[in-house]
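Let me begin by presenting the structure, written as structure tokens, before commenting on it.
The values are calculated or read from the model by the stated rules, or taken from the named source; none is laboratory data. In this text the structure is predicted, and so the values were computed from the model without any measurement. With ideal geometry, Cβ positions are generated from the backbone for all residues, glycine too; neighbour counts draw on all protein chains shown.
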Amino acid sequence: MLRTPTGHRRLDILEWLTDPAAHFPPQRHADLVTDGVTAEAVARKLGVRRAVAETHLDLLADLGLLRTTRIRRRTHYRRDDIRIAEVARMFEKGW
């Protein structure tokens, strides 16, 4: 799923969320590192509509690679580095 034609966008998102403070502007009601990044911020960075960004983010969250936090009426996304490491080990073992 990460290597589909739009998979490069998902890989970019995962890379950006490694250091969100370096890739996204500060948010008003949440901390980029501890709370995560909104779909709107990701959409602006990708140059797409929010719904498109949400599709990518929700897929990554469904795979367990991102964690979500609700703050006010927005969902914030951040990496789950432990899960990402587990998935990487599975692929290294020839999953």
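Annotations
- Selection over the stretch 37-95 of residues that are hydrophobic (A, V, I, L, M, F, W, C) and either surrounded by fewer than 14 Cβ atoms within 10 Å (Cβ to Cβ) or out of contact with any helix residue (DSSP H, G or I) (no Cβ under 9 Å at 6 or more places or on another chain) (or both) gives a count of 10.
- Boolean, T75 is at pLDDT 95 or above and among the hydroxyl-bearing types (S, T, Y): yes
- Residues of the stretch 33-50 that turn out to be of a type outside the set (A, V, I, L, M) and in a helix (DSSP H, G or I), as a count: 4
- In the stretch 8-27, the count of residues that are out of contact with any helix residue (DSSP H, G or I) (no Cβ under 9 Å at 6 or more places or on another chain), modelled with pLDDT under 90 and in a helix (DSSP H, G or I) is one or more.
- Lone qualifier among A30, A53 - being outside any loop (DSSP other than H, G, I, E, B) and of a type in the set (A, V, I, L, M, F, W, C): A53
- Output for the stretch 9-52, where each listed residue is of a type in the set (G, A, S) and in contact (Cβ under 8 Å) with a residue 24 or more places away in the chain: A30, G36, A39
- Members of the stretch 54-68 found to be closer than 19 Å to H23 by Cα and either modelled with pLDDT under 95 or of a type outside the set (D, E) (or both), listed by number: H56, L57, L60, L65, L66, R67, T68
- Residue among L2, L32 that is touching a Phe, Trp or Tyr at 6+ places or on another chain (Cβ under 7 Å), aliphatic (A, V, I, L, M) and modelled with pLDDT under 95: L32
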